[in-house]
């Protein structure tokens, strides 16, 4: 009996040891792989039902078969339970009574259309069948109508008289006549001139009725509580120079289409939101300045446009996603601040306050009448998830776990925040991602990543690409050099008529800051960026040879040719003179003028359909590098507009080409 017990005890002990050892082996964490990108899920735009019991949101995923991102609507209880598929589509909006959801989805005859689906019932009704994609879908207060905005193409015709066409002749289609400087271009390179107007359609379906007419480009839709008017903002498009310096807020009568103007100043007013009692309007804007960057301010005025006044004085950050307090006492809004985003509140009387705090990117999309807020939140190691909290007790709770199964067994790189000094005693903010399993006694290759814009902000949110760089063994540095947004108007405007310029110093000082930490292999440092980041990358290789290789992605390399070929005209504002008056400044700031200094192997990547930074900019730089016999290659991505990774397969290619190029020029 004792021998049996001894044997049994030994067996049990062995089994216990095995039991505790096996999970550790089975759950040993791996590093991030590029193929994991296909399994990434996006969540966005959560909306709380009017009764406060449910949240509906958009969930995007990769269709690997058709090489596209797809989107579905999911619905869940407000605590995150019973999370389930609702329908295919995006941009959901609850009806005022909470019985229906309006949303966008693919429909007939083509493209996005508006659908309405009753909660709890099968099937949905397609209520629009329009030629151009609708946007900004917004329910009327009584739930009988839906307002939306849509591009109305405009084609000018001249009274010319062509000769008679022979019977059966096939003549070339007539040309497009363009007389406005402000026009749109579609993604395949054709001009598409038109104006964005407001339409109203019965929520049960019918014929859309165009509410606004004329040379407008409307943005934002906010109904008055009585349903009689819609407030919107619009640039004046008759004169391009005037349009970029002035937009106003207007109200249109839904029945008569009569328009009244609410704001009138030399500056920008936009994003109107009517208060719940219909007596006031919140909006953002600023007085006109020739600065190239200025943070917007928060304002409120009476519904008739009288008594405009500033709220949240002293914030010097741009408010977004304005949401009125249910009791009309003030406005909640999001604001970027030094690489983070949180929720703030500006009362009609008194000082603004910060509602949430944290080193994260929190975007609040909705606050219901009971004070429950919902939005999305991301941080260094957490991709975006849906969150909720009570504005009176802002304890943020995550209510989705879209990425939990994917990242459960993945070890990510640690992220360090840094501040450092640069030229003119500027304080510059940045972050360092270290490879998983980082050993400070070893030397690691460095990748410097540069953002575009140039008025944009790198932040503390999760970034798949950079974490994968770290998983490949690189230390990653990303910073917000002068000109970046989220640090105040003065910092953002510091590159006025000086871009590129001292922002180059900010980037190089950041590299030096990381080198001083002692773990960087200075013979293996690499740099890349796209758009504005492509501008600075091409500028860097023309001013230093400290990088082993570079990738210049969809850049501007020649300001002289760029300003007349891009799909926008606002770039003229970045220079003191028009290029035909004095081209010297355009040439001085063009990376092409310094290409003779380049010795760094430089890859170039651009979408063939790019109209923002046209591919000719890439071609000019490529040909110059080839003539100078600098190692280079140009990769022209098909079916890409401004960027190289909107299609999932092209994103994967972009990363693989980048690694191939950097590996090719690594120093042993």
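The values are calculated or read from the model by the stated rules, or taken from the named source; none is laboratory data. Since the model is a prediction, treat every value here as computed from it, not as a measurement. Note that each Cβ is placed from the backbone with ideal geometry, even for glycine, and that neighbours are counted across all protein chains shown.
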Considering only helices (runs of 4 or more DSSP H) fully contained in region 428-529, which possess at least 1 residues that are touching a strand residue (DSSP E or B) at 6+ places or on another chain (Cβ under 6 Å) and either surrounded by 21 or more Cβ atoms within 10 Å (Cβ to Cβ) or free of Cβ contacts under 8 Å to residues at least 60 places away in the same chain (or both)?
-> 464-471, 502-515
For residue 613, state whether it is crowded, with 22+ Cβ neighbours inside 10 Å, touching a strand residue (DSSP E or B) at 6+ places or on another chain (Cβ under 9 Å) and in a loop (DSSP other than H, G, I, E, B).
-> yes
Might you let me know whether region 542-550 holds any residue that is closer than 22 Å to residue 475 by Cα, at pLDDT 95 or above, assigned to a strand (DSSP E or B) and assigned by TED's automatic domain parsing to the domain that holds residue 634?
-> yes
Taking the condition in the same structural domain as residue 529 (by TED's automatic domain parsing) and closer than 23 Å to residue 544 by Cβ, does residue 633 pass?
-> yes
The lone exception for residue 645 - which of (1) under 27 Å from residue 292 (Cβ atoms); (2) at pLDDT below 95 it fails = (1)
Does at least one position in region 657-664 carry a residue that is modelled with pLDDT of 95 or more and more than 14 Å from residue 605 (Cβ to Cβ)?
-> yes
Criterion: under 24 Å from residue 376 (Cβ atoms) and either modelled with pLDDT under 95 or over 28 Å from the mean Cα position of the chain (by Cα) (or both) - qualifying residue of 321, 326 | 326
Filtering region 42-63 for residues that are within 17 Å of residue 102 (Cβ to Cβ) and assigned to a strand (DSSP E or B) leaves a count of 10
Which of (1) crowded, with 22+ Cβ neighbours inside 10 Å; (2) modelled with pLDDT of 95 or more; (3) in contact with a strand residue (DSSP E or B) (Cβ under 8 Å, 6 or more places away or on another chain); (4) not in a helix (DSSP H, G or I) does residue 618 not meet, given it meets every other one?
-> (4)
Across (1) surrounded by fewer than 19 Cβ atoms within 10 Å (Cβ to Cβ); (2) assigned to a loop (DSSP other than H, G, I, E, B); (3) touching a residue at least 24 places away in the same chain (Cβ under 8 Å); (4) touching a strand residue (DSSP E or B) at 6+ places or on another chain (Cβ under 7 Å), residue 152 clears everything bar (2)
